[in-house]
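> First the structure, which I've put down as structure tokens, then a few questions once you've had a look.
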Amino acid sequence: MSTLEAVQERNYWAETAAAPRITQRDLPPRVDVAVVGGGYTGLAAARELARRGAQVAVLEAKSIGWGASSRNGGMALTGMKLSASALVKRFGLARAKAMFCLSIEALDYVEQLIRSERIDCEFSRCGHLELAWKPSHMEGLQREAELLQRAFDHPVQLIPREALSTETATEAYHGALLDPRSGGLHPARYAAGLAEAADRAGAMLFAHTRVERIDRASGGFTVHTARGALAADHVFVATNGYTDRIVPSLKRRIVPVGSYIIATAPLPEDIAHAISRHRRMMYDTKHFLYYYRLSSDNRLIFGGRAGFVPEGPDTLRESAAILRRGMVQLYPQLANAKVEYAWGGTLGFTLDFLPHAGRSSEGVHYAMGCGGHGVALLTYLGACMGRMISGEPVNNPLFDLPFPAVPLYDGNPWFLPLAGAYYRLLDWLQ
Ligand SMILES: Cc1cc2nc3c(=O)[nH]c(=O)nc-3n(C[C@H](O)[C@H](O)[C@H](O)COP(=O)(O)OP(=O)(O)OC[C@H]3O[C@@H](n4cnc5c(N)ncnc54)[C@H](O)[C@@H]3O)c2cc1C
């Protein structure tokens with residue numbers, strides 16, 4: 001696929017992961033908890049619930065792990081979509097620190113889960129680099145580094161432009177912030193391993209079982225699916241960027257945004273080494289950011305928010321072309337690199353750019369909305385919600401946050417092209 005007219009969706013992660021081996025069953029007439037969505041959030045919740053003895057069914061419209069959980073960059077990052085300084089500005093130091101700490105707990109949880117369930121997903125604490133696109137962005141990274149070290153007790157390192165070649169061979173950036181605690185993994189193998197772990201714990205997993213309607217019933221819910229109805233005491237909605245109209249209040253609060261990735265053919269060792277000497281997770285400071293990393297077989301996995309709308313055949317072709325140009329602009333040594341894979345996925349954004357977890361006005365539980373920070377955080381929020389639904393007290397600084405509805409939004413994100421233009425302008429101005 002070196003010429004981009006030929007772009008067809010091929011997801012490198014999905015093609016290099018085996019489908020999870022899960023127990024085949026009939027849909028039961030009733031369960032304690034029905035989980036809607038079979039990505040990290042739903043699977044992590046189901047595993048925790050089943051380990052506590054709950055009867056739990058995961059209902060997934062497509063194959064297990066089909067959504068963003070098998071399509072993402074595999075970056076298990078510290079922090080949230082909002083920077084530490086933005087969190088402090090909005091919530092004050094103590095609460096901001098608690099939120100940041102949650103992201104560290106989430107990473108520790110994911111690492112522990114992968115180890116204890118023996119999930120073969122290439123997890124490593126390789127660290128991440130946030131790269132300054134403009135000289136002024138380096139000043140912002142410097143303030144962020146000071147805050148993280150001084151007030152959050154979180155050691156990070158600033159890498160000035162002159163020293164950046166110790167990390168990556170590009171002239172495009174003005175320095176970087178290195179956070180050594182972040183990790184990387186193979187997202188689709190992680191999703192499959194999590195599914196198998198939930199299955200082993202006793203959760204019942206149903207692929208190709210779209211939930212079509214959820215009705216309140218005496219003391220609980222009736223969940224209508226493509227394979228029949230089941231009764232449930234509780235419902236946990238874990239559909240993030242793919243949330244449809246089954247829970248109207250959530251649909252008005254979560255905005256689906258497309259993100260796209262290309263993957264080159266395996267690169268010669270010296271070129272791969274020059275691009276990422278320490279095989280870190282990398283992303284830059286633009287709103288229309290690039291994020292990239294090497295795969296275990298030395299492909300460059302290069303992603304970005306090339307368009308803001310959810311994925312489709314045309315957006316994929318356009319996005320692959322934009323990403324290829326961006327990749328070669330950063331690394332001219334890749335001008336002749338073959339692009340073998342291109343795919344897209346849908347993220348869940350919220351109006352306040354924060355993840356949200358709690359109980360909706362319809363009485364269902366949910367966790368969603370981390371933007372591009374969901375690998376670790378949504379696994380952990382799903383797990384916390386699972387524990388909470390099973391009756392355990394869970395102290396989580398995100399649980400009682402007001403979840404704002406997006407004004408003039410009923411589920412059709414008509415404003416995304418405008419938002420895209422606005423953020424492009426900001427990237428140009430800032
Ligand atoms: C291209 C891309 C790159 C990303 N990169 C990163 C990254 O590097 N690091 C990071 O931390 N985060 C990243 N993210 C975000 C991260 O992938 C998500 O936050 C996370 O995977 C969300 O998991 P989830 O289980 O909540 O949702 P998903 O994995 O999206 O799963 C939701 C599931 O719900 C199902 N569903 C929807 N409606 C119904 C219904 N009615 N009935 C039954 N099932 C239904 C869907 O089929 C879907 O499988 C990225 C996302 C994308 C798209």
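We did not get these values from a lab; they are worked out from the coordinates using the rules stated. Just so we're clear, the structure is a prediction, and the values are computed from it rather than from any experiment. Cβ placement follows ideal geometry from the backbone for every residue including glycine, while neighbour counts extend to all protein chains displayed.
> Determine the dipole magnitude for region 314-425: charges of +1 sit on the beta-carbon of Lys and Arg, -1 on that of Asp and Glu, nothing else is charged, the reference point is the Cα centre, and the result goes in debye to the nearest 20.
460 debye
> Related question: Compute the semi-axes of the equivalent ellipsoid of the chain, taking the square root of 5 times each eigenvalue of the Cα gyration tensor, and list them largest first in whole Å.
Equivalent-ellipsoid dimensions as semi-axes: 34, 24, 21 Å.
> Assuming 1.002 mPa s and 20 °C, estimate D for region 151-242 with Stokes-Einstein, Rh taken as the Kirkwood radius over Cα pairs, in µm²/s.
116 µm²/s
> Let me check I've understood the local charge: for residue 103, count other residues with C-beta under 15 angstrom from its C-beta, Lys and Arg +1, Asp and Glu -1. What total comes out?
Every neighbour counted, the sum reads -2.
> Go through 154, 177, 204 and say which Cα lies farthest out towards the positive end of the charge dipole of the chain; charges sit on Cβ, +1 for Lys and Arg, -1 for Asp and Glu.
After comparing all options, I get 204.
> Just to confirm the number: angle between the C-alpha axis of helix 135-150 and the first principal axis of the chain, 0 to 90 degrees, nearest 10?
The helix 135-150 is inclined about 60 degrees to the chain.
> Count charges around residue 54 for me, please; just the other residues with Cβ under 11 Å from its Cβ, Lys/Arg as +1, Asp/Glu as -1.
Around residue 54, the charge tally is +1.
> Taking H as built 1.01 Å from N, whose amide H comes closer than 5 Å to the amide H of residue 340, not counting residues under 5 places away?
Sorted by chain and number, the residues that satisfy this are 263, 264, 265.
> Which residue, 320, 417, 334, has the largest displacement toward the positive end of the dipole of region 313-430 when charges sit on each Cβ (Lys, Arg +1; Asp, Glu -1)?
Projecting each Cα onto the dipole axis, the largest value belongs to 334.
> Now, a different point. Rounded to the nearest 10 degrees, what's the angle between the helix 40-51 long axis and the longest principal axis of the chain, both from Cα atoms, 0 to 90?
It is inclined by approximately 40 degrees.
> Suppose we keep just the DSSP beta bridges with both residues in region 4-429; what percent of those would be antiparallel, to 5?
70 percent
> Can you list the HN-Hα couplings for region 29-37, worked out from phi with the Karplus curve (6.51, -1.76, 1.60; θ = phi - 60°), rounded to whole Hz and with x for Gly and Pro?
Running phi through 6.51 cos²θ - 1.76 cosθ + 1.60 with θ = phi - 60° gives x, 8, 9, 6, 9, 9, 9, 9, x Hz.
> What's the percent breakdown of Cα-Cα distances in region 309-411 across 10 Å bins, shortest bin first?
Taking all Cα pairs of region 309-411, the binned fractions are 12, 31, 25, 19, 11, 2 percent.
> For the pairs 62/286; 251/338; 81/251, flag any whose C-alpha to C-alpha distance is greater than 28 Å.
62/286; 251/338
> On to the next question. For the chain, what does -39500 (n - 2.57) per DSSP helix run (n ≥ 4), summed and divided by total residues, give at 222 nm, in deg cm²/dmol to the nearest 500?
-10000 deg cm²/dmol
> For a quick check, take a GNM of the chain with Cα springs below 10 Å and name the residue from 401, 378, 77 with the largest mean-square fluctuation.
401
> Using a cut-off of 12 Å between beta-carbons, work out the net charge of the residues near residue 353 (Lys and Arg +1, Asp and Glu -1, residue 353 not included).
+1
> Can you pull a Stokes-Einstein diffusion coefficient for region 1-156 at 37 °C (0.692 mPa s), Rh from Kirkwood over Cα pairs, as a whole number of µm²/s?
172 µm²/s
> Looking at 79, 372, 405, which one has the Cα that reaches farthest to the positive end of the dipole of region 4-429 (charges on Cβ: Lys, Arg +1; Asp, Glu -1)?
After comparing all options, I get 405.
> Compute a Gaussian network model of the chain, connecting alpha carbons closer than 10 Å, and tell me which residue from 36, 394, 339 fluctuates the most.
Taking springs between Cα atoms under 10 Å, the residue moving most is 394.
> How far apart, in nanometres, would the label points at residue 400 and residue 85 be if each is projected 7 angstrom from Cα along the Cα-to-Cβ direction?
A separation of 3.0 nm, rounded to one decimal place.
> Comparing 295, 361, 165, which has the greatest mean-square fluctuation in the GNM of the chain with Cα pairs linked when under 10 Å apart?
Largest GNM mean-square fluctuation: 361.
> Once you charge only the Cβ atoms, +1 for Lys and Arg and -1 for Asp and Glu, what is the size of the charge dipole of the chain about its Cα centre, to the nearest 20 debye?
That gives the chain a dipole magnitude of about 440 debye.
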